[in-house]
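Colleague: Mind looking over this structure? Questions follow.
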Amino acid sequence: MSTPSPQRWSALALIATAQFMVIMDTSIIGVALPKIQGALGFSQENLSWVFNAYVVAFGGLLLLGGRLSDLFGARRLFSTGWAVLAVGSLIAGLAPQVWVELTGRAVQGVGAALIAPSALTLLIMLFGSEPKELTKALALYGAAAPAGGTAGVFLGGLVTQYISWPWVFYLNIPIAVLALIATPRLMPSAPARRGSIDVLGALTVTGGLAMAVYAIVRAPEAGWGSLATWGSLAIAVVLLAVFVKIQAARTEPLMRLGIFRAPNLAAANLAQLLLGGAWIPMWFFLNLYLQQVLGFSAFPSGAALLPMTVLIMIGMVALAPRAMGRFGAKAMTVTGLAVLAVGMVWLSLIRAHGSYSVDVLPASLVAALGMSLAFIPSLGTALSSARPEEGGLASGIVNTSYQVGSALGLAAMTAVAASRGSRELGNLSALTHGFSAAFLGAGIIAAVGAVLAAVLLRTPGNAGQVSAEADLSPAGNG
């Protein structure tokens, strides 16, 4: 057994910061969206592409990021990702036009796709020899993701109101510089390995995901039965089918399809996909409701969601690991998704002339509790189901699942909201009706996730899982 690094907790702080940042970049633009829309000329429907350009690149390239991490070393990819993220942030902040903004966001997503799987691989390298420490490390790492998502809304409001919207992107640059300085000192190195890089696989999976999101976002305008909608969906299906065929044929694929035969890996990733599909539309439309219906300015809108951040941090660090030890990963995943569904349905009761204390705060706290209960158990189950030498691949897959779910969930709920009236800026009743439909749809996604987790996830005793999963909590998964 290797000796734990004496700097591992300092390194964990940097790893958690990385996770916080890559997820924060999906949400920090939320409060700034109305300002970006006015400055660059986005339509109400296409506004979601400021989010989706990042998430499609992030989610579509995560598998490649995991593969590169395994081949060239996690520390090297971690540093490269920070450099790319800084460049993308500069482009997005300086953007004078829509296409430049979306390009910058996509470059940010590429950087995040290199950072996320290498960060998780580094965490396993630092703490994998001590199961109890690994539990704590995963809890802190896991808390950084939704906390980054919600804190991004708060910081976005602060920056947008008191500085200017480009600074929601410029904030990344000094943090990236500090990360580049600290990484060689804190992170363990691993020798490079020989192997091929499946560029064609990366292009087909990213293209397929992008076409699917594009088709869903454009469907309300083009028509769900139109040739444009069905043609785009057909292209998406073909590209994803080609990706699967490539993976099955290659001796060194981007994603070894056989990995999904590991007990619980597919089910846990499905839970992560549906968790992202419910959570991300919630904060996206909740922020629009606060600003466009309740009339909050940027900073109060961000501050209004700060209680969610606090609850998520407490839930993930203090509550979720203990609950896993007592009730098991499956029970907590199912419970968390069910509680999240309740919060979403409660939010769907928003009123055009409502109030924060009645229409937003209670339901958002319930949703945050559900997220904090489900995220760590499903993440830990997905990671522990793979072989140790495929740690980069496993982290790439689970990150991909969450980001793909986020992109598709937001695309679908954007289409639902648009079809129910969210296009009518200034019409409080129509906007509320559209946002309410999106919350209800997100609730249905979470409820489906709870049912599927209950049916598909198995306990270690029945699944014959590797013992590492039981070690993710002090008392195992009983």
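The values are calculated or read from the model by the stated rules, or taken from the named source; none is laboratory data. Note that the coordinates shown come from a computational prediction; the quantities given were computed from them, not determined experimentally. We place every Cβ from the backbone using ideal geometry, glycine too, and count neighbours over all the protein chains shown.
Colleague: Keeping to segment 112-135, report how many residues are among the charged types (D, E, K, R) and modelled with pLDDT under 80.
Modeller: Counting residues in segment 112-135 that are among the charged types (D, E, K, R) and modelled with pLDDT under 80 gives 2.
Colleague: Just one of Ala447, Ala412, Ala382, Ala418 is buried (at least 24 other Cβ atoms within 10 Å of the Cβ), in the same structural domain as Thr309 (by TED's automatic domain parsing) and touching a helix residue (DSSP H, G or I) at 6+ places or on another chain (Cβ under 9 Å); which is it?
Modeller: Just one listed residue meets the conditions, Ala382.
Colleague: Checking the structure you have, find out if any residue of segment 122-144 is among the hydrophobic types (A, V, I, L, M, F, W, C) and either without any contact (Cβ under 8 Å) to a residue 24 or more places away in the chain or at positive phi (or both).
Modeller: no
Colleague: Quick check: anything in segment 411-429 farther than 19 Å from Val213 by Cα, over 24 Å from the mean Cα position of the chain (by Cα) and among the polar types (S, T, N, Q)?
Modeller: yes
Colleague: Please work out which one of (1) in a loop (DSSP other than H, G, I, E, B); (2) of a type in the set (Gly, Ala, Ser); (3) touching a residue at least 40 places away in the same chain (Cβ under 8 Å); (4) under 30 Å from Glu424 (Cβ atoms) is the condition Ala210 fails and give its number.
Modeller: The single condition Ala210 does not satisfy is (1).
Colleague: Taking the condition assigned by TED's automatic domain parsing to the domain that holds Leu410 and touching a residue at least 40 places away in the same chain (Cβ under 8 Å), does Gln247 pass?
Modeller: In short, no.
Colleague: Just one of Gly421, Gly426 is out of contact with any Leu (no Cβ under 9 Å at 6 or more places or on another chain) and not in a helix (DSSP H, G or I); which is it?
Modeller: Unique residue meeting the criteria: Gly426.
Colleague: What number of residues within segment 101-130 satisfy the criterion of being within 15 Å of Ala190 (Cβ to Cβ) and among the polar types (S, T, N, Q)?
Modeller: Number satisfying all stated conditions: 3.
Colleague: Show me the helices (runs of 4 or more DSSP H) found entirely inside segment 1-120 where at least 3 residues are surrounded by 24 or more Cβ atoms within 10 Å (Cβ to Cβ), among the β-branched types (Val, Ile, Thr) and out of contact with any Leu (no Cβ under 7 Å at 6 or more places or on another chain).
Modeller: Result: 8-27.
Colleague: Does Gly277 meet the test of being assigned by TED's automatic domain parsing to the domain that holds Gln403, closer than 21 Å to Ala442 by Cβ and not polar (S, T, N, Q)?
Modeller: yes
Colleague: Looking at segment 307-322, can you tell me whether even one residue there is among the hydrophobic types (A, V, I, L, M, F, W, C) and closer than 24 Å to Ala417 by Cα?
Modeller: Yes: one or more hits.
Colleague: On to the next question. From the list Trp279, Trp283, which one is in a helix (DSSP H, G or I) and either in contact with an Asp or Glu (Cβ under 8 Å, 6 or more places away or on another chain) or at pLDDT below 85 (or both)?
Modeller: Trp283
Colleague: Can you name the number of the only condition in (1) crowded, with 18+ Cβ neighbours inside 10 Å; (2) in contact with a Pro (Cβ under 9 Å, 6 or more places away or on another chain); (3) aliphatic (A, V, I, L, M) that Leu340 fails?
Modeller: With (1) crowded, with 18+ Cβ neighbours inside 10 Å; (2) in contact with a Pro (Cβ under 9 Å, 6 or more places away or on another chain); (3) aliphatic (A, V, I, L, M) applied to Leu340, the lone miss is (2).
Colleague: Where the second residue is not in a helix (DSSP H, G or I) and the first is among the aromatic types (Phe, Trp, Tyr) and lies in segment 431-444, which pairs have Cβ atoms under 8 Å and are six or more apart or on separate chains?
Modeller: So the pair list comes out as Phe435/Ile350; Phe435/Ser422; Phe439/Ser348; Phe439/Ile350.
Colleague: Hey, another quick one. Could you list, ordered by first residue, the pairs with Cβ atoms under 7 Å in which the first is in segment 358-374 and assigned by TED's automatic domain parsing to the domain that holds Leu337 and under 13 Å from Leu319 (Cα atoms) and the second is of a type in the set (Ser, Thr, Tyr) and assigned to a helix (DSSP H, G or I), at least 6 apart or interchain?
Modeller: Leu373/Thr335; Ala374/Thr333
Colleague: Let me ask you something else. Test of understanding: among Ala57, Ala86, which residue is assigned by TED's automatic domain parsing to the domain that holds Phe169 and within 21 Å of Val177 (Cβ to Cβ)?
Modeller: Result: Ala86 is the single residue among Ala57, Ala86 that is assigned by TED's automatic domain parsing to the domain that holds Phe169 and within 21 Å of Val177 (Cβ to Cβ).
Colleague: Surrounded by 19 or more Cβ atoms within 10 Å (Cβ to Cβ) and at negative phi, is that true of Thr251?
Modeller: No; evaluated as a whole, the condition is false for this residue.
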